[in-house]
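Reading through the structure tokens given below for one structure.
FYI, it's all coordinate maths here, none of it is from the lab. The model shown is predicted, which means the values in this text are computed figures rather than measured ones. Here the Cβ is made from the backbone with ideal geometry for all residues, glycine too, and neighbour counts use every protein chain on show.
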Amino acid sequence: MRITLVRLILAIVAHMDLELYQMDVRTAFLNEELNEEIYMDQLLGFKTKRQEHKVCKHKRSIYGLKQDSRQWNIKFHQAILRMVLQ
């Protein structure tokens, strides 16, 4: 993002007496609830003896899942609709 765009946004917010909130987009996908059951193999170095055959079930989203962006987009869309319809 260019600094001129940041300055423009801040100027508009100040001129219109609005409130500005910052969002960390890098972590937006984390901790999103999943609709599907997702399993993955245990990571190397974290396997428990005599339980190497077990897998991990994800309750929440992690980076790299194909479902990440879709789940986050659905939640974001629903939040925006709630704000607009109030």
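Subtracting the Cα-Cα distance of Tyr39 and Leu10 from 0.36 nm times their residue separation leaves 6.1 nm of extension gain. Which lysines, on any chain, are close to Lys66 with Cα under 26 Å apart, when same-chain ones fewer than 8 places away are left out? Counting by Cα, and skipping residues close in sequence, Lys66 has these lysines nearby: Lys47, Lys54, Lys57, Lys75. With R₀ set to 25 Å, the beta-carbon distance separating Leu20 from Gln67 gives a calculated FRET efficiency near 0.20. May I ask you to compute the full-extension gain from Met1 to His58, defined as 0.36 nm times their residue separation minus their alpha-carbon distance, rounded to one decimal in nm? Extra length from Met1 to His58 when fully extended: 17.2 nm.
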